[in-house]
Amino acid sequence: MIRKRLSEETKEAMKAKDTTRLSTLRLINAAIKDRDIAARSEENTDGVSDSDILAILGKMIKQRQDSAKAYDEAGRIELAEGERAEITVIQSFLPRQLSEEEQSKAIATAIAETNAASVRDMGKVMGVLKAKYAGQIDFGKVGADVKAQLCE
């Protein structure tokens, strides 16, 4: 589903001569193809799943956020803006982010499902969250919330 949308939007960007969007869409396609090649086996000829694609997109956003921050610190505002423009394009393929309240409920549900009792069980909880909410939660920030709920 995401692949089809990527293909359609790439064609639209070409027709509209939107170079920024087109180059970002091509970067996304290249990252997915790289992962497809790495995951290819006799049993798996379809390539990576949509959840894997969401993980790729999340990683791409994180990389661009880090780059934009570095460019800002170096006074290279035009390069930072370019990174932010790419982030906007990539985010258009991600599902809606959970609100703070929804995220808190998701964490509580994951803790209950895994019978997590202490911080040592944090990995189990994070695994459940990643499986169910890929692309909807910023996993770089959710760790502290999981830890806080486990310590209650």
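Please go through the residue pairs K4/K141; K69/K105; K4/K147; K11/K33 and name each one whose alpha carbons sit more than 28 Å apart in this structure.
Listed pairs above 28 Å: K4/K141; K69/K105; K4/K147.
Tell me the mean residue ellipticity at 222 nm calculated for the chain from its helices only (DSSP H runs of n ≥ 4, each -39500 (n - 2.57), averaged over every residue, nearest 500). Before the final figure, lay out the partial values.
Details: 7 runs with 114 residues, N = 152.
That calculation yields -25000 deg cm²/dmol at 222 nm.
Please state the equivalent ellipsoid semi-axes for the range 97-143: what are the square roots of 5 times the Cα gyration tensor eigenvalues, largest first, in whole Å? The partial results should precede the final answer.
Numbers: eigenvalues 56, 23, 17 Å².
Result for the range 97-143: semi-axes of 17, 11, 9 Å.
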The chain, dipole about Cα centre (Lys/Arg Cβ +1, Asp/Glu Cβ -1), debye to the nearest 20: 280
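Applying 1/(1 + (r/R0)^6) with R0 = 41 Å to the Cβ-Cβ distance of I77 and K105, what FRET efficiency is obtained, to the nearest 0.05?
Numbers: r = 39 Å, r/R0 = 0.95.
With R0 = 41 Å, the Cβ-Cβ based efficiency is 0.55.
With charges only on Cβ, +1 for K and R and -1 for D and E, what is the dipole size of the range 35-89 about its Cα centre, in debye, rounded to 20?
On the way: 8 positive and 13 negative charges, 45 e Å.
Result for the range 35-89 is approximately 220 debye, rounded to the nearest 20.
Take the Cβ-Cβ distance between T19 and F139 as r, set R0 to 25 Å, and report the resulting FRET efficiency rounded to the nearest 0.05. Working shown, then result.
Numbers: r = 32 Å, r/R0 = 1.26.
Approximately 0.20, to the nearest 0.05.
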Take the alpha-carbon centre of the range 99-129, take the same for the range 1-44, and report the distance between them in whole Å. 33
Taking the mean number of other Cβ atoms within 10 Å as a proxy for protection, how do you rank 24-34, 4-14 from highest to lowest? 24-34, 4-14
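Specify, per residue and in Å³, the volume enclosed by the convex hull of the alpha carbon atoms belonging to the chain.
Values: hull volume 22.2 nm³, N = 152.
Convex hull volume per residue, Cα atoms: 146 Å³.
For a quick protection proxy, order the peptides 48-57, 72-81 by their average other-Cβ count within 10 Å, most packed first. Could the numbers behind the result be given before it?
Values: 48-57: 17.6, 72-81: 12.2.
Answer by packing, highest mean first, reads 48-57, 72-81.
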Net charge near A70: determine it from the other residues with C-beta under 10 Å of the C-beta of A70, scoring Lys and Arg +1 and Asp and Glu -1. -2
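Bear in mind these aren't lab numbers, they're just calculated from the coordinates by the rules spelled out. For clarity, every value in this text was computed on a predicted model and none was experimentally measured. Heads up, the Cβs are rebuilt from the backbone with ideal geometry, glycines too, and the neighbour counts pull from every protein chain shown.
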